[in-house]
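Heads up: the structure comes next, in structure tokens.
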Amino acid sequence: MAYWLVKSEPFKYAWDKMVADKRTHWDGVRNYQASNNLKAMKIGDRCFFYHSNEGLAIVGIVEVVKEYYPDDSDPAGRFGMVDVAAVAPMPNPVTLAQIKGDPRFAELGLVRQSRLSVSGVSDEAWAQICELGGYKG
DNA sequence: GCCAACGTTGGC
DNA sequence: GCCAACGTTGGC
């Protein structure tokens with residue numbers, strides 16, 4: 001199983017909405033690197049749900065329930081999307097400040113490439129962030 | 001609201 | 001195929 005981090009701006013699609021919907025299309029990605037990460041996702045992979053712009057924290061965990069397929073909101077047909085389902089909230093949201101302040105996370109995509117909206121998370125980083133957030137998987 | 005980082009576009 | 005200009009993202 002692989003781990004990922006996906007970003008959403010709360011005023012566009014917040015964690016609360018994710019929970020209310022239970023399941024959603026993760027569409028709108030218009031960046032090849034992010035899109036390649038979506039392509040690499042397999043059913044059962046888990047992702048941190050991160051609030052960008054406002055909140056600046058990992059607030060929950062979602063699971064991939066449908067693998068990459070065309071995003072029909074992309075007129076050029078170049079990009080795709082996956083479906084994800086809400087798994088659990090992060091009991092204590094892990095903030096960007098915490099992550100940036102911890103040398104263990106220096107290699108994390110979120111830190112290294114802040115603009116990338118879908119990035120990979122190593123097994124170690126996943127476990128460490130879950131621990132910080134008080135999430136017992 | 002500003003600015004840095006970075007991806008994309010388009011001229012050559 | 002290079003590179004400058006431009007647009008977008010996202011942290012501060």
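The values are calculated or read from the model by the stated rules, or taken from the named source; none is laboratory data. A quick note: this is a predicted structure, and the numbers were derived from the prediction, not measured. Because the Cβ atoms are built from the backbone with ideal geometry, glycine has one as well, and the counts that use them run over all protein chains shown. For accessibility, only protein heavy atoms count, side chains too; no ligands or nucleic acids. Shrake-Rupley method; radii C 1.70, N 1.55, O 1.52, S 1.80 Å.
Taken as a whole, the condition of being open to solvent by 60 Å² or more (accessible area, probe 1.4 Å), among the basic types (Lys, Arg) and at pLDDT 95 or above does not apply to A:Lys39.
Within the span defined as the range A:68-83, one or more residues are of a type in the set (Val, Ile, Thr) and away from DNA strand C (no atom under 16 Å from the Cβ). When we screen A:Glu63, A:Glu54 for residues that are within 16 Å of DNA strand B (Cβ to nearest atom) and either assigned to a loop (DSSP other than H, G, I, E, B) or not β-branched (Val, Ile, Thr) (or both), the only hit is A:Glu54.
Scanning the range A:58-86 for residues that are touching a residue at least 40 places away in the same chain (Cβ under 8 Å) and closer than 15 Å to A:Trp126 by Cα yields A:Ile58, A:Val59, A:Gly60, A:Ile61, A:Val62. One residue stands out among those in the range A:84-118 that are assigned to a strand (DSSP E or B) and near DNA strand C (Cβ under 10 Å from one of its atoms): the one that is farthest from the chain's Cα centre (by Cα), which is A:Thr95.
Selection of first residues in the range A:101-120 that are on the phi < 0 side of the Ramachandran plot and hydroxyl-bearing (Ser, Thr, Tyr) and of second residues that are within 12 Å of DNA strand C (Cβ to nearest atom) and in a strand (DSSP E or B), restricted to Cβ pairs under 6 Å at least 6 apart or on distinct chains, gives the following pairs, ordered by first then second residue: A:Ser117/A:Lys7; A:Ser119/A:Leu5.
Suppose we filter A:Ala127, A:Ala86 for residues that are open to solvent by 30 Å² or more (accessible area, probe 1.4 Å) and more than 16 Å from A:Met1 (Cβ to Cβ); which single one remains?
Details: A:Ala127 fails: more than 16 Å from A:Met1 (Cβ to Cβ).
So the residue among A:Ala127, A:Ala86 that is open to solvent by 30 Å² or more (accessible area, probe 1.4 Å) and more than 16 Å from A:Met1 (Cβ to Cβ) is A:Ala86.
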